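This report refers to the structure that appears directly beneath it.
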Amino acid sequence: MGRRERRAAETRVRLFRSALKLIAEHGLANVTVEDITEAADVGKGTFFNYFASKDHVLGVMAEIQLSKGREAAAKAAEGRQSIQMVLRHLVRGLAEEPGRSPRLARALISSFLASDSVRNILKRHMHEGRKTIGGIIAMGQKRGEIDPRLNKEKVALQFLQTVLGTVLLWSLHEKPALATWMGNSFEHFWRSVAAPRKK
């Protein structure tokens, strides 16, 4: 990546981080493009070089989550870690961005529910993410770690429900730490999909 590409990527991430902070404080509906560019210290025109609208800023979140899924699939394919370990790390990774604070998690969830364009971006990315996770599940079934009788697409959906549901509940209760919530949820998920022990 050259200097220009690096600077462009840095600017895009700065806009994204500034938007997240503002959304956590005020909610998506109450944040303007001007608010985001002022917080990121860039011109308004610069914003539209990277995003079609303020709703599209949240698409970066979905891109980050997708990249984490792809990284997990690559690790699973290497075969150096168990599928259980790969999925455990993925659960933590997927919870990282929305889990920066309960307030941010609540603001993101309400933004996804309130905006059709955000919801459509999220649905599109989640469909791709579900396919990626399904591939990891299939590898786990081949290796004898995950019950081969289970439908990989349904298990992938269950995995995503585990992550999203846990983040939602944590954002409402705030304690204990999200890592504890995610660890407990993952243990329940894994017990439900693990291959039966051979007698």
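The values are calculated or read from the model by the stated rules, or taken from the named source; none is laboratory data. Remember, predicted model here, so these are calculated numbers, not experimental data. Accessible surface areas use protein heavy atoms only, side chains included; no ligands, DNA or RNA. Shrake-Rupley method; radii C 1.70, N 1.55, O 1.52, S 1.80 Å.
A compact table of results
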{"read-out": "Count of the stretch 39-69 residues which are of a type in the set (A, V, I, L, M), under 21 Å from residue 120 (Cα atoms) and not in a helix (DSSP H, G or I)", "value": "1"}
{"read-out": "Residue count, the stretch 16-50 (criterion: aromatic (Phe, Trp, Tyr) and open to solvent by 90 Å² or more (accessible area, probe 1.4 Å))", "value": "1"}
{"read-out": "Unmet criterion (only one of (1) part of a helix (DSSP H, G or I); (2) over 14 Å from residue 111 (Cα atoms); (3) of a type in the set (A, V, I, L, M, F, W, C)) for residue 19", "value": "(2)"}
